[in-house]
Structures are given as structure tokens and as C-alpha cells.
Amino acid sequence: MIETYNANIRDGWEIRVEDHAEQGKLKENKNRYNHEGNYDTCRVRGCNVRLAWNSVIGRCKEHREHQNDLVLFLKRDNEEINYRPVHLSAIDALLHWADDNSISLSPLFSALSRSIIGQVQDVSILANVIEIDNVEPQSMDALFSTRFEEVNQIAADMDLDLDSELELDGHQVSLEVVIKVVTGLIVCEEANRGDRWFARELLGDAQLSTAQGGIMPITHFAVKSFDWGMELSSKLFRR
Ligand SMILES: [Zn+2]
């Protein structure tokens with residue numbers, strides 16, 4: 001299990017990230033832990049199943065999927081409000097606010113992309129389930145607190161007023177809360193579905209990545225904010 005992360009954002013709003021290990025639908029793990037063919041047994045700790053000679057994913061049939069899943073909750077005053085926001089509505093709320101205030105959020109999303117994509121380990125490594133030489137799992141603080149501080153800086157550079165109020169899923173919240181929800185959700189997607197950290201760090205080439213991970217929510221922003229001259233569904237850009 002990955003340790004639970006909790007942060008007070010403001011006005012009683014909290015973000016909590018939990019590992020829903022082995023609950024619900026397990027997500028496909030696209031990481032190729034045996035890209036170089038160094039290993040002949042499954043890379044999951046405690047599993048000694050022999051691998052097929054040509055296994056690049058480095059895991060047995062049983063361990064094809066991630067057994068861990070990061071889920072982000074937005075809470076207020078403990079249990080009164082406690083739910084799982086989704087990136088589509090959180091990003092739409094930001095875009096709506098930005099539109100009303102004639103602000104471009106491109107610098108924010110571009111900074112989030114640089115900070116998160118390829119920089120976050122997958123959940124199996126974060127949970128210390130996969131055995132790889134010389135790899136230490138990143139801490140939840142490194143994943144979330146550091147980025148929350150970063151977005152404060154980005155917001156200051158962009159002159160965004162983090163006190164501004166907007167509506168998210170029927171709740172009045174500050175801009176700071178929504179930006180941090182979006183940031184946290186992109187980190188979760190990158191960890192739950194991404195393989196770019198592994199490709200970049202251990203295979204030495206981010207181009208070897210085959211999963212979208214955190215790119216998916218950023219794509220939603222791009223699709224919604226670029227003027228295509230027609231209505232496009234963001235489904236078009238998923239894989
Ligand atoms: Zn196994």
C-alpha cells in the first residue's frame with residue numbers, strides 16, 4: 001500500500017490521496033520492467049513465476065495489471081463534503097473561470113506538464129511492489145506537496161488571484177483549491193496509468209513510453225482551449 005497523503009489547502013478544504021489497492025477495476029500496467037531481458041522471473045516482490053523468454057513487461061500473467069491505484073478526494077470539514085472530483089469537470093471549471101476573466105491558463109498547464117509528465121513513478125514502483133535495482137519509491141510529499149508549492153509560485157508569476165471564487169461540482173471554492181485538485185489529479189493519472197518516468201529514467205528514452213497517463217487531462221485542456229473551428233470530443237485524443 002502507498003501511504004495516504006493529506007493536505008489542508010484553505011478555507012477548510014482538504015485534499016486526500018489514498019491507495020485503493022485491489023479495489024475496483026485494476027489498471028493496465030504498460031511499464032516494460034524487463035525491456036533489456038535481464039530478468040527471468042516476475043519482478044513483483046515475492047513472486048517467483050518464471051517469465052517467458054521474450055517477456056519485456058517483466059511480469060507474470062497474474063501481475064499484468066497494477067495492484068495499486070491512487071484516488072484523490074476533496075473534503076471539507078471532515079465528512080460533510082467528501083468526494084472524488086474528476087479531471088474533466090475540474091478543468092472545465094478552471095476554463096470557465098478563465099474565460100469569464102479573460103485569462104489564458106496555457107502557462108499553468110504547460111508548467112504542470114513539464115513538472116509532472118515523466119517525473120512521477122508508476123503506482124507499482126511507488127507501492128514498492130516492483131523490484132528494480134537502484135530504484136527508491138518517491139514519497140507522497142515529493143509527489144504532491146512539492147507540486148502544490150510549485151503551483152503557488154506559478155500562480156504568483158501569472159498574477160492569478162488564488163482567492164477568486166469559482167464553482168466546482170456545485171461547491172463554491174477558491175481558485176487555489178481547483179488548481180490543486182487538477183494538479184493532484186494529473187499526478188494520480190501519471191502514477192496510475194503512465195510509463196513515461198520508467199521510459200525516461202530507466203530506458204533512457206521518454207519516446208519509448210506507450211501510455212498517456214497524465215497527458216490525458218492536459219489533452220483535455222488543450223482540446224478545450226484551442227480554437228479548432230468545430231466541436232471536438234476529447235475522446236478523440238484518448239487511447
Ligand atoms: Zn508475478
Inset, instruction - Report yes if Glu176 is among the acidic types (Asp, Glu), at pLDDT 95 or above and touching an Asp or Glu at 6+ places or on another chain (Cβ under 9 Å), otherwise no. - result: yes
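One line per residue, one yes/no per condition, for (1) surrounded by fewer than 16 Cβ atoms within 10 Å (Cβ to Cβ); (2) within 15 Å of the chain's Cα centre (by Cα); (3) of a type in the set (S, T, N, Q); (4) closer than 29 Å to Lys75 by Cα:
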| residue | (1), (2), (3), (4) |
| --- | --- |
| Leu143 | no, yes, no, yes |
| Ser164 | yes, no, yes, yes |
| Gly170 | yes, no, no, yes |
| Gly184 | no, yes, no, yes |
| Ala211 | no, yes, no, no |
Inset, instruction - Select from the range 58-73 the residues that are of a type in the set (Asp, Glu) and within 13 Å of the ligand (Cβ to nearest atom) and write down the one among them that is surrounded by the fewest Cβ atoms within 10 Å (Cβ to Cβ). - result: Glu62
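State all residues of the range 145-160 that are part of a loop (DSSP other than H, G, I, E, B) and surrounded by 12 or more Cβ atoms within 10 Å (Cβ to Cβ); if no residue qualifies, say none.
Our first condition is that a residue be part of a loop (DSSP other than H, G, I, E, B); within the range 145-160, this holds for 158-160.
Correct list: Met158, Leu160.
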Legend entry - Single unsatisfied condition, Ser55 versus (1) at pLDDT 90 or above; (2) buried (at least 18 other Cβ atoms within 10 Å of the Cβ); (3) within 11 Å of the ligand (Cβ to nearest atom): (1)
Legend entry - Residue list for the range 16-52, filter: within 18 Å of Gly213 (Cα to Cα), in contact with a strand residue (DSSP E or B) (Cβ under 7 Å, 6 or more places away or on another chain) and within 14 Å of the ligand (Cβ to nearest atom): Leu26, Asn29, Tyr33
Legend entry - Arg76 vs. criteria touching a residue at least 12 places away in the same chain (Cβ under 8 Å) and either within 16 Å of the ligand (Cβ to nearest atom) or under 21 Å from Ile186 (Cβ atoms) (or both): no
Inset, instruction - Identify, by number, the condition in (1) within 16 Å of the ligand (Cβ to nearest atom); (2) within 18 Å of the chain's Cα centre (by Cα); (3) surrounded by fewer than 21 Cβ atoms within 10 Å (Cβ to Cβ) that Leu88 doesn't meet. - result: (1)
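The values are calculated or read from the model by the stated rules, or taken from the named source; none is laboratory data. In this text the structure is predicted, and so the values were computed from the model without any measurement. Glycine gets a Cβ as well: all are built from the backbone with ideal geometry, and neighbour counts include every protein chain shown.
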